[in-house]
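Nothing in this text is a laboratory measurement; each read-out follows from the coordinates by a stated rule. Values in this document were obtained by computation on a predicted structure and should not be read as measured data. So basically every Cβ, Gly included, is an ideal-geometry build from the backbone, and we count neighbours across all protein chains shown.
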Amino acid sequence: MSGGRLAGKVAVITGAGSGIGRASAELFAREGARVVCADVSGEQERTAAGIGDAAVAVHADVSVSADVRNAIATAERRFGRLDVLFNNAGIGGPKRPITEQDEEDYDRVLDVNLRSVFLGMKYGIAAMLRTGGGSVINTASAAGLVGWRKNALYGASKGGVVQMTKATALDFADQGVRVNALCPGMTWTALVPAAKDGAPPPADGFAPPQPMGRWGLPTELAAAALFLAGDESSFVTGVALPVDGGYVCE
Ligand code: NAD
């Protein structure tokens, strides 16, 4: 499409094979962006195929520097620039008290959730600066803003994303690069075991403890990411935006 809120823009979205990343790739493309769909699962191919010519799929493990650099280089090579970087891929990690957490899980959760954001911004912002700037969105979590039991590793990774976002927003505020974090509450994606097979949220089943009394939907997170990606948020930087049905308010 030639119009749309992201017309002419080029986006890299990680975790684009599922959930929030897939919904965002589809929405960004509908709003006129060309999209590099990056994921480690193989499912990024399906997302890109569903979008068509405006999308390209890239295999990337976001914790691996060469893969992240390749995703960004693909945007520049294929579409000529990088305007929007959505560092969204992430994993949950084991839910246990810290005394029962394994050192290997610490490394894995921090690598996938936080090192990924470091690598994405290190190489992605450098690319944006080559064409005058852009917008970075990092997926943190409500769990990066408040404590959750048995969640020290994930919480540390997402709290780290929030602070990495804020420091980087300050560093590039006067250079045309905006950096914001998206903090989902409990959202009905494959990260939730019961949602894995694509089943809709249960109408009368377990509802998470969010004031709205329901799960968030990937499309609702994508809508917030679209706002942060596009020019409608041109004066917004360094924000950690909860999209959580009121969860962190309580
Ligand atoms: P999801 O499982 O549907 O999607 C996550 C995607 O990330 C998957 O496609 C997966 O293959 C990909 N991924 C995992 N490890 C990767 C790696 N090393 N390299 C590249 N891709 C990798 O889950 P989602 O809910 O859409 O998750 C998106 C983001 O939202 C994550 O950062 C997650 O922590 C965050 N989040 C989710 C919730 C929730 O309730 N669903 C709440 C708060 C934050």
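What number comes out for the charge environment of residue 63, summing +1 per Lys or Arg and -1 per Asp or Glu over other residues with Cβ under 11 Å away? All intermediate terms of the calculation are to be shown ahead of the outcome.
Working: positive: 108, 115; negative: 61, 67, 107, 111.
Here the charged neighbours net out to -2.
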Highest mean packing first, using Cβ neighbours within 10 angstrom, the peptides 168-178, 82-92 sort as 82-92, 168-178
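Net charge around residue 240, counting only other residues with Cβ within less than 14 Å of its Cβ (Lys, Arg = +1; Asp, Glu = -1)?
Numbers: positive: 158, 166, 178; negative: 244.
So the surrounding residues net to +2.
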If the label point sits 7 Å along Cα→Cβ of residue 126, residues of the range 64-106 with amide N under 20 Å come out as 64-88
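So what's the projected area for the range 40-92, the Cα convex hull averaged over all directions, in nm²?
Values: hull surface 15.9 nm².
Here the figure is 4.0 nm², rounded to one decimal.
Stokes-Einstein diffusion coefficient for the chain at 20 °C in a medium of 1.002 mPa s, Rh from the Kirkwood formula over Cα pairs: what value in µm²/s?
Values: Rh = 17.9 Å.
D, rounded to a whole number, is 120 µm²/s.
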Karplus-derived 3J(HN,Hα) from phi for the range 82-95 (6.51 cos²θ - 1.76 cosθ + 1.60, θ = phi - 60°), whole Hz, x at Gly and Pro, runs 9, 10, 9, 10, 10, 7, 10, 4, x, 10, x, x, x, 9
Per GNM of the chain with C-alpha springs under 10 angstrom, the most fluctuating residue out of 157, 41, 63 is 41
The set of residues whose placed amide H lies less than 5 Å from the amide H of residue 240, leaving out same-chain residues fewer than 5 positions away, is 181
